[in-house]
Structure formats: C-alpha cells, structure tokens
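> Sending over a structure as structure tokens; questions will come in a sec.
Each value in this text was obtained by applying a stated rule to the coordinates, not by laboratory testing. Note that the coordinates shown come from a computational prediction; the quantities given were computed from them, not determined experimentally. Don't worry about glycine lacking a Cβ; one is built from the backbone with ideal geometry, like all the others, and counts go over all protein chains shown.
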Amino acid sequence: MPDPATIVAHPAPGRACGACTLCCKVYDVPAVESVAGQWCCHTKAGRGCAIHATRPDHCRAFHCLWMTESWLGPEWKPERAKMVLSLDPTSRNMNVQVDPGQPNAWKREPYYGQLKRWAAASVALKRHVLVHLDKATTVVLPDRDVALGILTPDDRIVVRERMGPGGPTFEVEAIRAA
Ligand code: SF4
Ligand code: SF4
C-alpha cells in the first residue's frame, strides 16, 4: 500500500468530500499517530477534520479517485461504497482500501462486477486491482480472487499469465523482501 501522500491529484470540478471522512479511518497517518482501521482522533464524524487548517501535508495532498475522476458515479463515493479507491502513482495498480467496519463491502454489487471488469482490462498491462483490508491484500483477477495476507511496502506482487485450454489463466505470487 503506497503512502497516500505520494498521490498528487486535484479534485474534479464539482467534487467535494462533504460528509465523507473515510480516508481518515482506512489509512495510516503517522503525523497524527493515526492507525489504519481506526478513526483518526481529529475526525469529526460527518463533518471532516477538527484541525483542518493545520492538518498534516499527508492529509492535505490526498484526494481519492472518486474526488479526482468525475466519471465515477455517486455510488463510488467512499462514505457510500465503504471503500476508498486510489491509483498507485508508480505501478498504476488500483488500490481499494476497504472500511474494516464493512469488510465485505467490495463483494457487493455494483462494486464487485466493476472491480472484475477493471481487473480484466488491467491485467494485460501488468496492472492490478488490489483490495486491502487493513494491511491484508487480496488480488482481484478476472477469474478469481487471491488473498496474499499481510505484505510489507517492499514486497512485490507478480502475476503470471498462462494459456490453458479454456483461455488465459493467472498465477499470483508475493515476492517477499529479504
Ligand atoms: S475518502 Fe475521498 S471523498 Fe472521502 S474524505 Fe477522503 S478524499 Fe474526501
Ligand atoms: S488529521 Fe484530519 S484530515 Fe488527517 S486523518 Fe486526521 S481527521 Fe483526517
């Protein structure tokens, strides 16, 4: 999972966080000792950040994919979807950070079907759709989902395509950092 502060993007016209605060729950924010899976102590439920004017750069820089991409419909707003989408600026993997209060949110429709379509479109580009629940990662593939457990930032995910009698199949391996 990348440091969200490394994702530099700007909100699309008309997009605003409003009552959503989900990114204040699902990510680590070391500057305020906030741990992924628990609300940051500065979160004001449904109203935003109690230290908005002086919030860390980490928070200031982050805009989720719903904020930057106007083609994502209202159902993808994180407070409704119960997951926060972001694109890794280096690998271009899509990271789906799920609200641990609703760990199966990504398996609901219309979300799961769309994640599968993104996975099918991304795999040939060697980009992947990764679902994170706290620090545990699952790779969404066109034909199945592969739970890899807890990865460190230095671990790598390798997906290999093989041709079978019914068409391409995929193998996933986590390469653990030494
Ligand atoms: S998850 Fe997205 S919409 Fe929600 S508060 Fe964070 S940046 Fe705003
Ligand atoms: S400091 Fe504010 S913006 Fe940053 S995680 Fe905490 S509540 Fe959210």
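> From the helices alone, meaning DSSP H stretches of at least four residues, give me the mean residue ellipticity at 222 nm for the chain, per-run term -39500 (n - 2.57), in deg cm²/dmol to the nearest 500.
Dividing the helical sum by the residues of the chain leaves -4000 deg cm²/dmol.
> With a cut-off of 8 Å between alpha carbons and a minimum separation of six or more residues, what is the relative contact order of the chain in percent?
Values: 308 pairs, mean separation 29.1, N = 178.
16 percent.
> Taking the chain as a Gaussian network, Cα atoms linked when under 10 Å apart, which of 127, 144, 92 shows the biggest mean-square fluctuation?
Among 127, 144, 92, the largest GNM mean-square fluctuation belongs to 144.
> Additional query: Mind counting lysine pairs for me in the chain? Cα separation below 26 Å, and the two need to be 8 or more apart along the chain or on different chains.
Within the chain, the lysine pair count is 21.
> Further question on the same structure: May I ask for the distance between the Cα centers of the range 13-43 and the range 77-144, given as a whole number of Å?
That distance is 18 Å.
> Hey, another quick one. Quick one, can you get me the convex hull of the C-alpha atoms of the chain expressed as volume per residue in Å³? Each step should come with its number before you reach the end.
Details: hull volume 21.5 nm³, N = 178.
With only Cα atoms used, the chain gives 121 Å³ per residue.
> Roughly what angle does helix 111-123 make with the longest principal axis of the chain, taking Cα atoms, 0 to 90 degrees, to the nearest 10?
Long axis of 111-123 versus the principal axis of the chain: about 60 degrees.
> When only DSSP loop residues count, what GluC sites (Glu not before Pro) in the range 22-111 have their Cβ near at most 13 other Cβ atoms within 10 Å? Write out the running numbers ahead of the final one.
Numbers: sites: 33, 69, 75, 79; in loops: 33, 69.
In loop regions of the range 22-111 (DSSP not H, G, I, E or B), the sparsely surrounded GluC sites (Glu not before Pro) are 33.
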